[in-house]
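Read the structure below first, then the notes.
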Amino acid sequence: MQPEKFYYDNKIVRNFGIATVIWGIIGMLVGLIIAIQLYQPAMNMGSQYTSFGRVRPLHTNAVIFAFVGNAIFMGIYYSLQRLMKARMFSDALSKIHFWGWQLIIVSAVITLPLGMTTSHEYAELEWPIDILITIVWVVFGINMFGTIIKRRERHIYVAVWFYIATFVTIAVLHIVNSIEIPVTFTKSYMVFAGVQDALVQWWYGHNAVAFFLTTPYLGMMYYFLPKMANRPIYSYKLSILHFWALIFIYIWAGPHHLLYTTLPGWAQSLGVVFSIMLIAPSWGGMINGLLTLRGAWDKVRDDVTLKFMVVGLTAYGMATFEGPMLSLKQVNAIGHFTDWIIAHVHVGALGWNGFLTFAILYWLIPRIYKTELYSKKLASFHFWIGVLGILFYAIPMYWSGFTQGLMWKEFTPEGMLKYPNFLETTMRILPMHVMRSIGGAMYLSGVLVMAYNLYKTAVQGKLVPDEAAEAMPLERLNPHATTERWHKRLERKPILFLVVSLIVILIGTFVELMPTLTISSNIPTIASVKPYTPLELQGRDLYIREGCSNCHSQTIRPFRSETERYGEYSKAGEFVYDHPFLWGSKRTGPDLQREGGKYGDSWHYNHLMDPRLMSPGSIMPEYSWLLHQKLDTSTTAAKIRAMQKLGVPYPAGYDKIANRDLEKQAQGIADNLAKDHIRTKSNKEIIAVIAYLQRLGTDIKANKTANN
Amino acid sequence: MRSLRYIFLSMIVLGVQPVFAADEGQLLSGDAKNYIGYGAIILTLIVLIIAMLIVLKAFKVVARLLLGPEGATTVKAEKAAAKAERKAARAIRWQKLLSLKPLSEEGSILLEDDYDGIKELDNPTPAWFMALFYVTIAFGIGYLLIYHVFKTAPLQYEEYKIEMADAAKAKAQYLAKAGEKVDENTVKLSTDPAVLADGKSVFTQRCAPCHGDHGQGVVGPNLTDDYWLHGNKINDIFKTIEYGVPAKGMPTWESQLTPKQIADVANYIKSIHGTNPANPKEPQGTKMTDEAGTAKTAMLQK
């Protein structure tokens, strides 16, 4: 038999590489801007399109799906071809995948600042883009499996196991978390409400971290690290164990994002224990990586790519230990909603994803351009400024998180909150926010240096668009003649591998989601909780548009420090009409679940116009455009009908008269404002926002008075 | 010798530290002094380590002098041999603990598959790693048993009840001891400058955003004129502040201000009556000029 000659497609790798660098710079720059907004509200630039609530999702989407996403595809397209000894299945699909993905990102860059958002974190994009994502993901899957099928390597290597798990799990996560009912072309409502929606979202959110930020990177680590260090992988057995343990256990851990909320206790506890059990499987990857470097540590001293890899793996190890610790409810009670979580995710993002990406770029770009890296010195500078940047970022954020988390909980001996004014705790951490933005700027400057270095490298070399390679074609295997162990056998059956992975991740999914989504006793209803009025519903959608939930939670945990500060703790039945839920995950500002009736309408009017009028020193952006923009009531009927379809009990035919009620309620608020000498028309957006804010949490209050 | 002097010096600094700390109203804040203290402690520890290293070095020099040049080399060689042995033993111990095979034997566990030049070793999963995994699984099972089967530890709502009961008890004890119990029935009118000063600072912080920095009224009503919505007696004002009038936008301050603070600020509000600040808000409520009048209007309103 003759070896076959074929060509690796390097051009697609190069394209994804360029996209990685460009989107990385953009995503991090946006991150830097919003970091500065958190102590310098003027950086919101007085425009609705650049205010924190709208731009923060742009930052997270840009770094996760644009920077990391393109890096994943770069790494997979490079390593998969070589591990399968085959060119990508179809050049056309590769191109569609590349341009489709960039189209998704561009549409995110356009729609998010326009306020088109589902409010689900890391899944903010609206339904048409969701469909586009699904299509592009399927294209990627076909291209990947096509390549695997026509491979010239009998067994599939551990890196590819991780790619397969990534593909199948992200598909499941994306589809389930995007089940929404369109209202208009740019607006939809989530099918699930309240607690159920929260569980679906954090099952998704947590596993997006697992299967977008972790498993593909582990796969890439398994290819690039042994290549860089020229050492064998430390343990094949460890690969098997930690791969299956990781994907099985990860999927269960989502509820640790919802500790002390109204999620049923059993689901919370499952989230806790599976998070703890996740330590060893996560560390398996780090150990297998670091021990692969055994006997090659002298290389680490000189080789900057290996330095990036080692720090990246260490950051991974730290973040995957810290995560389970934060899942313990006693720790979570302090850390949740604070900057501690921001520090935690950035150790992972900057250290693990960032540094691995940089290492791969520095290793791969010179190879596909058949040249040497332009400057080792600049790469070394990038490494050190990057490490310093991470430290300058993370340490102040940890400090800030502890400080604020403890301040929220502190009582005086008289039994009063020591810092009843939320703003006081915010002011205390502003110096740390300044430090953090300095750290972020350092990290970004390193990336700019890298971009220059890689550009110079590319210019001095010449791209090899189609790299020649040879391999023997696969012979037919006599299944009875082999003495393979079971896992080896699985490694040459990619479709079976896909199916088994799917089953493994579906077990946790079903056990956790199904009871909460189907058994009504998990969400006790409350009679006094009524659907939102049309005006409140419109106001709620404005609250979503402005991204208020990026900084304000709407869930009061059963702690003395929270019931004293915010009022009665949340009940599951209060959220049954919340499509989507708006619990938030960070308290840059105070919780708003019981905001209704705390202040007068005119307070809200003035506060939204300029927060510093009512709360001197506040870092909240101003929302002056709400004062001028007319509320779009043409959507009211469609919104009511969509809600009816989702089971919200508006009377039949209410969609036709909803706007009449809306105008009546709006006039009432406008009249109320007029009493305080605020002259405004009742058709402005701010009226709807005030109506919604004044409704928040009042159903339970009403209930209480009725009982008294 | 010099290092000893450093140690003494830092001990003095440390000793003096509490004296500084006790002295209020100094140039340095208490926090800053604490930081100086921590710095001094860390510095002392570093100096101590350096001193110990110097003493060690000195011993070595003395030993070499006492043993003479030949003695020194033999001892050195013996020591080097012992050290190499210890190092080897330690390496083996580490390798055992980490379940590592010596690098030289690696060839025997190299697997035959070759993925684009990447080979794999057939090392076992490290024993400590497996131990860690089993311990976390045991923790998980134990956790579920404790919280959901035997129910020996409280879940969140029960935890909350316990926390609130403990807090109520602690609060009652403290208030009884501190004699700070004031409420709307026992609050007394006061013109004590200290009380008014305390009240003013609370007012500037909490009330001024809505009532104006001079009480002239902004979103909230004017507090300096003769017109009152909820009574002008000190008890009425106390009550209005304590429970608020949520329907009209006046927040409840019960959980944010101590009873004494409420009393202070109520007295401050009484004290600014009739000050006629600039830009007053138009009158709201009923005219009440004195304490008797209040009672009358209140009755009429009923």
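For n ≥ 4 DSSP H runs only, could you compute -39500 (n - 2.57) per run for the protein assembly as shown, divide by its residues and tell me the 222 nm figure to the nearest 500? Please report the intermediate quantities before stating the final value.
Working: 38 runs with 619 residues, N = 1010.
Computed ellipticity for the protein assembly as shown at 222 nm equals -20500 deg cm²/dmol.
Cα gyration tensor of the stretch A:424-538, axes a ≥ b ≥ c as square roots of the eigenvalues: rounded (a/c below 1.5), prolate (a/b > b/c) or oblate?
Working: a/c = 3.03, a/b = 1.18, b/c = 2.57.
Taking the square roots of the gyration eigenvalues as a ≥ b ≥ c, the stretch A:424-538 is oblate.
For the pair residue B:96 and residue A:181, label points projected 7 Å from Cα toward Cβ lie 6.8 nm apart.
Panel order for A:43, A:84, by other beta carbons found within 10 Å of each beta carbon, from fewest to most: A:43, A:84.
Here the convex hull built on the C-alpha positions of the stretch B:193-301 has a volume of 96 cubic angstrom per residue. Using only alpha-carbon positions in the stretch A:126-260, the gyration tensor eigenvalues give semi-axes of 33, 20, 10 Å once each is multiplied by 5 and square-rooted (largest first). Helix A:127-149 and the long axis of chain A differ in direction by around 20°, with both axes built from C-alpha atoms.
For the pair residue A:298 and residue A:487, the difference between a 0.36 nm per residue extended length and the Cα-Cα distance amounts to 64.6 nm. Each of B:52, A:432, A:88 was scored by other Cβ atoms within 10 Å of its Cβ. Listed from fewest to most, they are B:52, A:432, A:88. Under 20 Å from a label point set 7 Å out along the Cα-to-Cβ vector of residue A:150, the amide N atoms of the stretch B:105-134 belong to B:116.
Per residue, the Cα convex hull of chain A amounts to 163 Å³.
Would you kindly work out the equivalent ellipsoid of the stretch B:106-262 from its C-alpha gyration tensor and give its semi-axes, the square roots of five times the eigenvalues, largest first in whole Å? Display every interim value, and only then the final one.
Details: eigenvalues 854, 118, 45 Å².
Equivalent ellipsoid semi-axes, largest first: 65, 24, 15 Å.
Could you tell me what a quarter of the Cα convex hull surface of the stretch A:540-600 works out to, in nm² with one decimal place? Don't skip to the answer; put the middle values down first.
Details: hull surface 18.0 nm².
Seen from a random direction, the Cα hull of the stretch A:540-600 projects 4.5 nm² on average.
Hydrodynamic analysis of the stretch A:181-310 uses the Kirkwood radius over alpha carbon pairs. Inserted into Stokes-Einstein at 20 °C and 1.002 mPa s, it gives a translational diffusion coefficient of 126 µm²/s.
Counting residues in the stretch A:222-274 as N, plug N into 2.2 N^0.38 Å and put the Cα Rg over that result. If you can, show how the numbers build up before the last one.
On the way: Rg = 17.1 Å, N = 53, 2.2 N^0.38 = 9.9 Å.
This ratio for the stretch A:222-274 stands at 1.72.
For the stretch A:534-707, the C-alpha radius of gyration sits at 1.03 times the compact-globule guess of 2.2 N^0.38 Å, with N the residue count. A crude spin-label estimate for the pair residue A:42 and residue B:50, with each label 7 Å from Cα along the Cβ direction, gives 4.6 nm.
If you wrap the tightest convex hull around every Cα atom of chain B and split its volume per residue, you get 388 Å³.
When the expected Rg is taken as 2.2 N^0.38 Å, what fraction or multiple of it is the alpha-carbon Rg of the stretch A:179-250? Intermediate results must be reported in sequence, preceding the final value.
Numbers: Rg = 18.7 Å, N = 72, 2.2 N^0.38 = 11.2 Å.
Rounded to two decimals, the normalised Rg is 1.67.
Pairs A:409/A:598; A:85/A:376; A:418/B:161; A:11/A:227; A:530/B:161; B:33/B:181: which are spaced more than 26 Å apart, C-alpha to C-alpha? Distance filter (> 26 Å) returns A:85/A:376; A:530/B:161; B:33/B:181.
In chain A, the longest principal axis of the Cα atoms and the axis of helix A:91-111 are about 20 degrees apart. Converting the Cα gyration tensor eigenvalues of the stretch B:106-150 into ellipsoid dimensions via √(5λ) gives semi-axes, longest first, of 40, 11, 6 Å. Note on the stretch A:292-429: Kirkwood hydrodynamic radius from all Cα pairs is 17.3 Å, rounded to one decimal.
Over all other residues within a Cβ to Cβ distance under 13 Å of residue A:147, the charged ones net out to +3, with Lys and Arg as +1 and Asp and Glu as -1.
Summary value for the stretch A:31-124: 36 percent relative contact order, contacts being C-alpha pairs under 8 angstrom separated by 6+ residues.
For chain B, the longest principal axis of the alpha carbon atoms and the long axis of helix B:127-144 meet at an angle near 30°. FRET efficiency for the residue A:434 to residue A:388 pair, using the beta carbon distance and R₀ = 22 Å, is estimated at 0.85.
Within 10 Å of each residue's Cβ, count the other Cβ atoms and sort A:357, A:403, B:125 from fewest upward. Before the final figure, lay out each step's value.
Working: A:357 27, A:403 17, B:125 20.
Lowest to highest Cβ neighbour count: A:403, B:125, A:357.
Output the Kirkwood hydrodynamic radius of the stretch A:1-84, Cα pairs only, in Å rounded to one decimal. Each step should come with its number before you reach the end.
Working: mean 1/r = 0.0675 Å⁻¹.
For the stretch A:1-84, inverting the mean 1/r across all distinct Cα pairs yields 14.8 Å.
Each peptide in B:88-95, B:142-149, A:581-588, A:374-381 gets a packing score, the mean of other Cβ atoms within 10 Å over its residues, and the list from highest to lowest is A:581-588, A:374-381, B:142-149, B:88-95. In a DSSP loop and with at most 13 other Cβ atoms within 10 Å, the chymotrypsin sites (Phe, Trp or Tyr not before Pro) in the stretch A:156-215 are A:185.
Rounded to the nearest 0.05, the FRET efficiency derived from the C-beta distance between residue B:247 and residue A:664 at R0 = 22 Å is 0.70.
Oblate is the label for the stretch A:402-480, because the ratio a/c of its alpha-carbon gyration tensor axes (a ≥ b ≥ c) is 1.5 or higher and a/b is not greater than b/c.
Label zone of residue A:371 (point 7 Å out along Cα→Cβ, amide N under 17 Å): in the stretch A:451-475 this covers A:451-466. In this simple spin-label model, placing a label point 7 Å from the Cα along the Cα-to-Cβ direction at both residue A:456 and residue B:276 gives a separation of 7.7 nm.
For the peptides A:237-250, B:206-219, the ranking by packing is A:237-250, B:206-219, with the highest mean count of neighbouring Cβ atoms within 10 Å listed first.
Any idea what the dipole of the stretch A:534-707 comes to, in debye rounded to 20, about its Cα centre with Lys/Arg Cβ at +1 and Asp/Glu Cβ at -1?
Details: 25 positive and 21 negative charges, 32 e Å.
With Lys and Arg at +1 and Asp and Glu at -1, about 160 debye.
Around the amide H of residue A:411, modelled in the peptide plane, lie the amide H atoms of A:418, all under 5 Å away and 5 or more residues distant in sequence or on another chain.
Quick note: the coordinates plus some simple rules give every number you see, no bench work behind them. Predicted model, so just to flag it, every value in this text is computed and none were measured. Don't worry about glycine lacking a Cβ; one is built from the backbone with ideal geometry, like all the others, and counts go over all protein chains shown.
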